[in-house]
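The values are calculated or read from the model by the stated rules, or taken from the named source; none is laboratory data. A quick note: this is a predicted structure, and the numbers were derived from the prediction, not measured. Every residue, glycine as well, gets a Cβ built from its backbone with ideal geometry; the counts of neighbours run over all protein chains shown. Heads up: the accessible areas ignore ligands, DNA and RNA and are worked out on the full protein's heavy atoms, side chains in. Shrake-Rupley method; radii C 1.70, N 1.55, O 1.52, S 1.80 Å.
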Amino acid sequence: MSVPSNKSGPATKGAIDPQKMGCFARSVVATLAEEPGLEAVTIDPARQKISVATLGRADVAVLTRRLTDKLQAASQAEDSHSCSLLQGGGDCFNCNHPLEGVQRDKITIHREGASTTIARITCPTAPKFWRWRDIPFPKIVPRELDLPDDDHDVDEWKGQMVASVLCGVFGVAAHVVGGGWGVVLYLVSFLAGGFFPAEEVWERLQKRELDVHFLMLAVAAGSATIGAWAEGATLLFLFSFSGALEHYALGRTQKEIRSLYREAPKTALVLEAGGGERELPVEQIKPGQRLLIKPGAQFPVDGEIAKGTTAADESNLTGEATPVEKAVGDAALAGTINLWGVVELVVTRPAAESSLQKIITLIKEAQHQKAPAQQFADKFSTFYTYGVLGLSLLMFFVWWLGFGLSPFISANEAHTAFYRTMTLLVVSSPCALVLSIPSAVLAAIAWGARHGILFRGGAAVEKLAEVNIVALDKTGTLTTGELRVEKIESFPPGRELEVAQLAYSLEKLSTHPLARAITRHGKQHQLAELPFDKFESVTGLGLRAWRNGIGCLLGRREWLATEGRHRVYIENMPATEAGCSEVWLEEKDLLGRILLRDDIRPEAGAVIAALRRQGLRSVVLTGDRRATAEHLNEQIKLDEVRAELKPEQKVAAIRELSGQGGRVAMIGDGVNDAPSLAAAHIGVAMGARGSDAALEQADVVLMHDRLENFLAAYSLSQRARRVIRQNLFISLGTVVVLVSFAMVGKIPLTIGVVGHEGSTVVVVMNSLRLLLGGVKKLAVDKPATT
C-alpha cells in the first residue's frame, strides 16, 4: 500500500488540528500511545477496509483486537450514535467531538479520496519501512444490541454437522454402489466434507499461513489420486465431524453470554414526579430515576428497592436457584427477575455500568486471553505443521530413492512412496493437539459463567488450580460488607424510637457506610423524617444539626464525650464488643446509641473448613482492629490472621507468602484490595460489591458475592487441568504411536485416518464433559448469625 509522503512530516495542507479530531481519531490516538509498534492507521469506509502500518516486530493479532475494541467503543459513545468515519458519512475535518490533550507535533491526519490516514509524526524515511496489513472492518451495531458475535458464528456448528453427515452418507453409499457411480458419490462426499475446511484454508492462504486444515485437504486429494477414495472420504468425515464438535463447544460458550443479552429488558417504566408513568429505552435510564417493576418482569438496571417487598430470581447471574428476598433498601441487579411483588426501584447505576454489563465485558475479555499452555500449543502447532510437511517430503524421497519403492503407481498401492507419505501426513497432523487445550478451557469458562464464576481467560483457569494458600480480605469477603442496625439504646430507656428517628433524619444527609445502614433501617421501619434548620458535617467525627433552635450531635463516642452534655455518662459506658460499631446521638436531655454489626457470611465457616479439607491454607489480611479480627477467627477457625494492615502491608504479606513457596489466591472486593489482587498469583474479586479497581485486577470474579463459588471455581480449574492433561496424553500419544508405525510402513491409510481423527473426536468429547457436567457446587448450611 502506498503512503503519501506528507504522512510523516509536519502538518501540511490536508492535515488538521488534532484538537478537532473525532471518535475514530480518538480511538486511534489512544492505540498509538499504547502500542509503540503501530505507526499509522488508514480507514476506507467505501471499501470497508482498515489498514495498519507497523515498524519492526509487532503482534498484529493484539493490535487488531485492541484497535477494533476501541473503534467499537467509539462508535457507541454516549454522545455519538456512531463514528462518521466508520459509517462513511463524514471525515475528521468536520466533527463535533474534539479530541483534547493531543500535541500537534505528535499526530497528523491526511485525507486522500475516501480514505483517511492517522499517523504518528516521525522521520521522513520511516514510512518506507512500514509494513501495511489489512484488518477486519469493525461491526457497528447499536449499543443495546452489542452482542458478542453473530448468530451465524454461534450456530455455525449446525451447518458443519450437516455437511459432515452428508459426507458420511454419500461415502457409505459410494462404497456400496461402486463403479462409476461410486466415484461420483465419492466426489459429492468429498465436496460435502471438504467445504468448510476449504474455507478455512483459503482464509489462511490469504494470510500466507498453513495449518492442519491444509494438511487434511492435501491428504484427501492425495488419497483420491491413488484411488483410495474410501480412505479420503473417511478422513474428511471424521475431520469435519470433529470440527463441528469444536464449533459446538464454542457456540455453547457464546450462548451463555448471548442468553444474558436476549433476556434482558430493552425498556423500563419510569415514574414521573407528577405521578405519571412513561416507558423509556434502558440505555436512557439515569441514576436517581424511580422505576416501577411488576411481578414477573426483569430488573432493567441495578438499583435499590425504594418501596414494596418481593423476591428475586438471580439464577441467571449467580447460578443460585433459591429466590432472594428483597425489601426496602436492598440492592437489585440488572437482568434478575422480580418474582411476585410490585416494587419501586431507585436507579443506582446506568445500564452500561450494571452487573449484567460487567459480566458481558469480563466474559468477552476472557475469550481473548489464552492460557499459557494454549499459547505454547498455538505456536508449537504452526512450526509443527511446517515440520510435518518437510518430513513428509523428505520421507517421500527416502522411500522412493532410498528404499526403491515406486513413487506413485504400483501393483500394491500400499507399497508406493506417495501412499506412505499420505499416511505419514495423516497420522502426524496435530489436529487433536491443537484442540486439546482451547476446547477444555472454553468449556470451563462457559460452565463457570453459567454458575456465577467468571474466569478472565484461560490463564486464570490454569493458575487457580496451582494455588496452595488462600488470602482473604475481611470486610465484604468473609463478612457481608453491609452493616445492619443490631440494637438501639436510649438513656434513659424508653425513648429508642426518638433516637432511631433522629438518627435516620440526620444520616439521610450523609453517605458514610454507617449512615447507609441507619438510613436503610429507617426506610424499612417507615420512620418519619424530621426537618432540620441547619446541618453541618464535621469531618471524621460526625454530624451537627439544629432543630427549632436546639442543637443535635451524632457521631463518634470521643466527639460527643468532648462536645456534648453527657461526658461523664458516655465515658463510663463499656466499649462495644469485638465486631460491633456504634454511633452516639445527643439532643438536649436525650442520649442514645445505635449498635451496628457487619455480619459474618453464613457460609464463611463452611468455606474455610472446605479449604482446609482440600489442603489449602487460609490467611486473613485485614485493616480492621486486631480484636475484631480475632473475633472473626474465633467464629470460623482460620489458619492465620493478620490485622491492622495498610494496603501496602497487604501487598508485602502476599509477597512474603509467595516467597515461602506459596501460590497465593487473594480474594477481595475493595479499592484497597486491588494492589493485593495484582500481587497475588491469582486475584479473585467479589463481583456484586467489588470496586472497579478490584474487578480490573481480578483474574476470577465471583458474581453476587457467592464466597462458596470460590470452591467451585477451584474444583473446576483442577478438573480442567486434568482434562487438559488427558487430552495432551491422548493427542500426543496417538501421534507417537501412529507415526512410529507409519515410518516403517506398517499401518494402512485407513487405520491411520481412523486413529488420528478418532483421537480428535475423543479430545473434543472429553472437553465437553466440563461444559455439560462441570463440578458440584458446595452445599452450604446457612444458620442465622448472632
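Tell me, yes or no, whether segment 662-669 has at least one residue that is at pLDDT below 85 and among the acidic types (Asp, Glu).
Yes, there is a match, as at least one residue in segment 662-669 is at pLDDT below 85 and among the acidic types (Asp, Glu).
Just to be sure I understand, how many residues within segment 217-248 are modelled with pLDDT under 80 and under 34 Å from the mean Cα position of the chain (by Cα)?
Selection size over segment 217-248: 10.
Select, from 482, 486, the only residue that is in contact with a Cys (Cβ under 9 Å, 6 or more places away or on another chain) and open to solvent by 10 Å² or more (accessible area, probe 1.4 Å).
Just one listed residue meets the conditions, 486.
So if I check each of 760, 750, which one is open to solvent by 50 Å² or more (accessible area, probe 1.4 Å), touching a helix residue (DSSP H, G or I) at 6+ places or on another chain (Cβ under 9 Å), more than 30 Å from residue 332 (Cα to Cα) and touching a residue at least 40 places away in the same chain (Cβ under 8 Å)?
Of 760, 750, the one residue that is open to solvent by 50 Å² or more (accessible area, probe 1.4 Å), touching a helix residue (DSSP H, G or I) at 6+ places or on another chain (Cβ under 9 Å), more than 30 Å from residue 332 (Cα to Cα) and touching a residue at least 40 places away in the same chain (Cβ under 8 Å) is 750.
For segment 578-607, which positions are surrounded by fewer than 18 Cβ atoms within 10 Å (Cβ to Cβ) and at positive phi?
Hit for segment 578-607 is 588, nothing else.
Under the condition of being within 17 Å of residue 598 (Cα to Cα) and of a type in the set (S, T, N, Q), which residue from segment 617-650 is modelled with the lowest pLDDT?
Checked segment 617-650; the qualifying residue modelled with the lowest pLDDT is 628.
For segment 448-467, how many residues are part of a helix (DSSP H, G or I) and either open to solvent by 10 Å² or more (accessible area, probe 1.4 Å) or of a type in the set (Val, Ile, Thr) (or both)?
The total comes to 6.
Within segment 332-340, identify whether any single residue is at pLDDT 85 or above, within 26 Å of residue 273 (Cα to Cα) and part of a loop (DSSP other than H, G, I, E, B), and answer yes or no.
The answer is no; no qualifying residue exists.
If I ask for residues that are among the hydrophobic types (A, V, I, L, M, F, W, C) and either in contact with a Phe, Trp or Tyr (Cβ under 7 Å, 6 or more places away or on another chain) or assigned to a helix (DSSP H, G or I) (or both), which ones from segment 646-677 would you list? I'd like the intermediate steps shown before the answer.
Filtering segment 646-677 for residues among the hydrophobic types (A, V, I, L, M, F, W, C) gives 651-654, 657, 664-667, 671, 674, 677.
Selection gives 651, 652, 653, 654, 657, 667, 671, 674, 677.
Of the residues 241, 214, which single one is in a helix (DSSP H, G or I), touching a Lys or Arg at 6+ places or on another chain (Cβ under 8 Å) and open to solvent by 50 Å² or more (accessible area, probe 1.4 Å)?
So the residue among 241, 214 that is in a helix (DSSP H, G or I), touching a Lys or Arg at 6+ places or on another chain (Cβ under 8 Å) and open to solvent by 50 Å² or more (accessible area, probe 1.4 Å) is 214.
I need the full set of residues from segment 353-383 which are open to solvent by 60 Å² or more (accessible area, probe 1.4 Å) and modelled with pLDDT of 70 or more, in order please.
353, 383
Restricting attention to segment 566-577, which residues are more than 51 Å from the chain's Cα centre (by Cα) and exposed (fewer than 15 other Cβ atoms within 10 Å of the Cβ)?
567, 568, 569, 571, 572 - these are the residues of segment 566-577 that are more than 51 Å from the chain's Cα centre (by Cα) and exposed (fewer than 15 other Cβ atoms within 10 Å of the Cβ).
Here is a yes/no grid of residues against (1) on the phi > 0 side of the Ramachandran plot; (2) among the charged types (D, E, K, R); (3) touching a Pro at 6+ places or on another chain (Cβ under 7 Å):
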position	(1), (2), (3)
453	no, no, no
459	no, no, yes
468	no, no, no
487	no, yes, no
499	no, no, no
506	no, no, no
545	no, no, no
553	no, no, no
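For segment 713-732, give me each residue that is open to solvent by 30 Å² or more (accessible area, probe 1.4 Å) and over 27 Å from residue 452 (Cα atoms).
Matches in segment 713-732: 728, 729, 730, 732.
Scanning for something over 29 Å from residue 479 (Cβ atoms) and among the small types (Gly, Ala, Ser), does segment 566-587 turn up at least one residue?
No, that holds for no residue.
Can you name the residue in segment 249-268 that is open to solvent by 40 Å² or more (accessible area, probe 1.4 Å), over 17 Å from the mean Cα position of the chain (by Cα) and of a type outside the set (Val, Ile, Thr) and is also modelled with the highest pLDDT among such residues?
Per the criteria, the residue is 266.
Return the only residue of 386, 419 being open to solvent by 10 Å² or more (accessible area, probe 1.4 Å), under 19 Å from residue 757 (Cα atoms), of a type in the set (Ser, Thr, Tyr) and at pLDDT 75 or above.
Among 386, 419, only 419 is open to solvent by 10 Å² or more (accessible area, probe 1.4 Å), under 19 Å from residue 757 (Cα atoms), of a type in the set (Ser, Thr, Tyr) and at pLDDT 75 or above.
For segment 521-540, name all the residues that are open to solvent by less than 70 Å² (accessible area, probe 1.4 Å) and in contact with a Ser or Thr (Cβ under 9 Å, 6 or more places away or on another chain).
522, 527, 528, 530, 532
Output the number of residues of segment 291-331 satisfying the condition of being at pLDDT below 85, in contact with a Gly (Cβ under 9 Å, 6 or more places away or on another chain) and among the charged types (D, E, K, R).
Result for segment 291-331: 2.
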